[in-house]
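> Sharing a structure here in structure tokens format.
The values are calculated or read from the model by the stated rules, or taken from the named source; none is laboratory data. Not measured: the values here are computed from a predicted model. For neighbour counting, all protein chains shown are included, and Cβ atoms are generated from backbone atoms with ideal geometry for every residue, glycine included.
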There are 2 protein chains.
Amino acid sequence: MKVVDGATRVLGIVGDPIAQVRSPEVWSALFRANGVNALCIPFHVNAAELEAFFAGLQTVQNLLGLIVTIPHKPAAARYAASLTDRARKVGPANVMRREADGTWTGDIVDGVGLVSGLLAAGQRIAGRRALVVGSGGVGRAIAFAIADAGAESVHVYDVLPDRAEDLAARLAEAGTQSGIAPPAAKGFDLVVNASPLGMKRDDPLPIDPTGLDESAIAVDVVVHPEMTPWLSAAASRGCHVQSGHVMTDHQLVAMQAFLGLPTLDCTPAAVAKAMQDEASS
Amino acid sequence: MKVVDGATRVLGIVGDPIAQVRSPEVWSALFRANGVNALCIPFHVNAAELEAFFAGLQTVQNLLGLIVTIPHKPAAARYAASLTDRARKVGPANVMRREADGTWTGDIVDGVGLVSGLLAAGQRIAGRRALVVGSGGVGRAIAFAIADAGAESVHVYDVLPDRAEDLAARLAEAGTQSGIAPPAAKGFDLVVNASPLGMKRDDPLPIDPTGLDESAIAVDVVVHPEMTPWLSAAASRGCHVQSGHVMTDHQLVAMQAFLGLPTLDCTPAAVAKAMQDEASS
């Protein structure tokens with residue numbers, strides 16, 4: 001099958017570095033599996049040149065949209081002429097849409113993906129007392145998405161106390177019962193690690209699992225390994241656990257809706273099949 | 001085989017319109033056949049926004065280069081911080097290279113491809129009296145490339161007399177015996193149609209073949225149909241003929257050298273095989 005021709009449309013992803021991102025493989029396999037003549041293409045751009053890059057991509061008429069990854073998410077939000085409600089609350093943006101007048105609108109779908117993954121697995125978020133450990137871009141997105149999904153309260157923690165306090169204050173402003181809490185699971189029934197702890201073999205546990213009830217949900221944003229020590233500790237207590245790739249997989253649907261892409265089956269099963277077909281073709 | 005990942009490098013092609021261009025298929029098939037993780041990606045940009053596009057692409061660190069097609073070749077030359085000698089003589093640029101300091105250098109390889117095709121077919125250009133009909137961007141590139149390849153003289157014709165006169169004057173300035181001639185083959189032994197005549201079924205012949213000698217070479221830039229009425233008329237007189245796709249195919253080698261791409265077998269046979277493999281994969 002032909003990979004690309006003059007009529008191919010482009011979904012960009014910009015970051016620094018970029019070689020490690022999975023979006024080009026995932027989206028391109030999805031497009032091909034669905035007969036859509038489009039590819040997801042990586043763009044390696046450094047922070048100092050990002051504004052020129054955004055202005056340049058804005059002129060490309062066959063652009064489907066632009067995914068923004070580390071470290072450019074805050075800059076993307078500043079550069080966008082408008083933001084979705086959730087992006088305005090969270091701060092950074094991780095996907096940009098070209099409007100008819102050529103301006104960019106930014107959205108953030110990190111947290112939506114995490115919530116969507118839990119709901120798809122039959123889990124309830126409404127009424128839960130949540131703890132989100134890590135108040136960086138991803139942690140902020142998750143905290144607001146959990147609040148929007150009806151959690152009773154959302155407490156937060158960060159190694160940088162200012163970041164956690166700022167997030168708790170913003171959640172409270174948005175009408176969510178919130179506060180700072182130590183990184184300990186006891187007393188919470190939806191506990192999310194949104195810190196990088198767990199990626200390295202000798203990392204300490206990001207959250208103390210003591211007192212974690214089997215009715216609680218444990219979630220991690222770390223993608224490798226799939227089963228982090230934090231998730232293992234929760235699973236051994238009988239909790240429902242959700243690993244990092246679920247959030248990533250479920251972002252596809254939210255991005256598709258925001259970008260107005262051709263209708264694709266973006267379910268994790270369909271994505272897995274598309275990528276398998278691609279690898280074996 | 002995986003089509004694209006985060007480490008994929010990008011050879012862009014920019015034009016308006018863009019859907020009809022063949023470069024994305026050809027280059028991408030070549031890269032894949034040679035195990036190079038790169039794709040040629042189309043960018044549809046209109047003239048008013050071209051400057052912002054060039055400034056934006058300039059920031060992309062995984063960009064291999066940028067091919068420029070109609071109608072942006074003259075603008076590309078104006079935008080480039082520097083030009084190769086042949087691009088400076090010809091005027092427009094059809095390929096751009098990002099230098100280490102982030103600026104663009106422009107080159108033009110249309111004419112080089114035509115000359116390279118003739119030489120590869122065992123034809124001699126040195127000493128020939130050439131006529132080039134059509135003094136647009138492609139005609140100009142061809143006229144200078146033929147002169148550089150040692151033609152005894154290069155006469156030119158265009159439906160717009162000013163364009164032909166300007167080209168003849170520039171050729172003369174560059175030390176080539178030149179002048180204006182009517183679009184008639186008699187007295188020439190390398191006769192090139194660089195006009196669009198022959199693309200449509202009811203087009204008149206671009207060049208009067210009366211008196212064309214069998215030792216003459218007849219060349220066309222028209223790609224579809226492969227055998228134009230002009231080439232048919234020359235072939236029926238026993239002349240060597242070269243159709244438009246040969247020029248396009250042979251540009252690949254010149255572009256590869258200019259862009260410093262990984263070494264690829266860009267011969268037309270290798271390209272044909274790569275595209276066939278792609279279509280049947």
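> Exactly one of (1) in a loop (DSSP other than H, G, I, E, B); (2) within 30 Å of residue A:84 (Cβ to Cβ); (3) not assigned by TED's automatic domain parsing to the domain that holds residue A:87 is unmet by residue A:219. Its number?
Evaluating residue A:219 over (1) in a loop (DSSP other than H, G, I, E, B); (2) within 30 Å of residue A:84 (Cβ to Cβ); (3) not assigned by TED's automatic domain parsing to the domain that holds residue A:87 leaves (1) as the failure.
> A follow-up question, please. Any residue at all in the range B:84-97 that's under 28 Å from residue A:277 (Cα atoms) and either touching a residue at least 40 places away in the same chain (Cβ under 8 Å) or crowded, with 21+ Cβ neighbours inside 10 Å (or both)? Break it down into steps so the answer makes sense when it comes.
To start, the set of residues in the range B:84-97 that are under 28 Å from residue A:277 (Cα atoms) comprises none.
Among the residues of the range B:84-97, not one is under 28 Å from residue A:277 (Cα atoms) and either touching a residue at least 40 places away in the same chain (Cβ under 8 Å) or crowded, with 21+ Cβ neighbours inside 10 Å (or both), which makes the answer no.
> Please give the number of the condition residue A:2 fails out of (1) at the interface with another protein chain (Cβ under 7 Å from one of its Cβ atoms); (2) surrounded by fewer than 18 Cβ atoms within 10 Å (Cβ to Cβ); (3) at pLDDT 95 or above.
(3)
> A further question follows. If the requirement is being in the same structural domain as residue B:62 (by TED's automatic domain parsing), assigned to a strand (DSSP E or B) and within 22 Å of residue B:54 (Cβ to Cβ), which of these qualifies: B:97, B:86?
Going through B:97, B:86 in turn, just one is in the same structural domain as residue B:62 (by TED's automatic domain parsing), assigned to a strand (DSSP E or B) and within 22 Å of residue B:54 (Cβ to Cβ): B:97.
> How many residues, within the range A:128-167, are among the aliphatic types (A, V, I, L, M) and farther than 20 Å from residue A:197 by Cβ?
Kept after step one, since they are among the aliphatic types (A, V, I, L, M), are these residues of the range A:128-167: A:130-133, A:138, A:141-143, A:145-147, A:149, A:151, A:154, A:156, A:159-160, A:164, A:167.
Subsequent filtering for residues that are farther than 20 Å from residue A:197 by Cβ retains A:145, A:147, A:149, A:151.
Of the residues in that region, 4 qualify.
> Looking only at the range B:255-281, count every residue that is within 14 Å of chain A (Cβ to nearest Cβ) and in contact (Cβ under 8 Å) with a residue 24 or more places away in the chain and tell me the total.
5
> Moving on. Condition first: buried (at least 20 other Cβ atoms within 10 Å of the Cβ) and outside any loop (DSSP other than H, G, I, E, B). Now tell me which residues in the range B:260-277 satisfy that.
Of everything in the range B:260-277, those that are buried (at least 20 other Cβ atoms within 10 Å of the Cβ) and outside any loop (DSSP other than H, G, I, E, B) turn out to be B:271, B:274.
> Residue B:170: among the basic types (Lys, Arg), out of contact with any helix residue (DSSP H, G or I) (no Cβ under 8 Å at 6 or more places or on another chain) and in the same structural domain as residue B:123 (by TED's automatic domain parsing), yes or no?
Taking the combined requirement at face value, the residue does not satisfy it.
> Hey, another quick one. When residue B:34 is evaluated against the numbered criteria (1) of a type outside the set (Gly, Ala, Ser); (2) more than 7 Å from chain A (Cβ to nearest Cβ); (3) in contact with a strand residue (DSSP E or B) (Cβ under 9 Å, 6 or more places away or on another chain), which criterion, by number, is the only one it fails?
Only one criterion in (1) of a type outside the set (Gly, Ala, Ser); (2) more than 7 Å from chain A (Cβ to nearest Cβ); (3) in contact with a strand residue (DSSP E or B) (Cβ under 9 Å, 6 or more places away or on another chain) is unmet by residue B:34, namely (3).
Listed here are the residues, each with its yes/no results for (1) surrounded by 21 or more Cβ atoms within 10 Å (Cβ to Cβ); (2) of a type in the set (A, V, I, L, M); (3) at the interface with another protein chain (Cβ under 7 Å from one of its Cβ atoms).
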{"site": "A:7", "(1), (2), (3)": "no, yes, yes"}
{"site": "A:17", "(1), (2), (3)": "no, no, no"}
{"site": "A:20", "(1), (2), (3)": "no, no, yes"}
{"site": "A:27", "(1), (2), (3)": "yes, no, no"}
{"site": "A:38", "(1), (2), (3)": "yes, yes, no"}
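> From A:105, A:84, A:59, A:69, grab the single residue that is of a type in the set (Ser, Thr, Tyr), touching a strand residue (DSSP E or B) at 6+ places or on another chain (Cβ under 6 Å) and within 14 Å of chain B (Cβ to nearest Cβ).
After applying the criteria, what remains is A:69.
> Filter the range B:40-52 down to the residues that are farther than 14 Å from residue B:256 by Cβ and not in a helix (DSSP H, G or I), then identify the one that is farthest from the other protein chains (Cβ to nearest Cβ).
This residue is B:46.
> Being more than 23 Å from residue B:243 (Cβ to Cβ) and among the basic types (Lys, Arg) is the filter here, so list the residues in the range B:149-205 that pass it.
Result: B:163, B:170.
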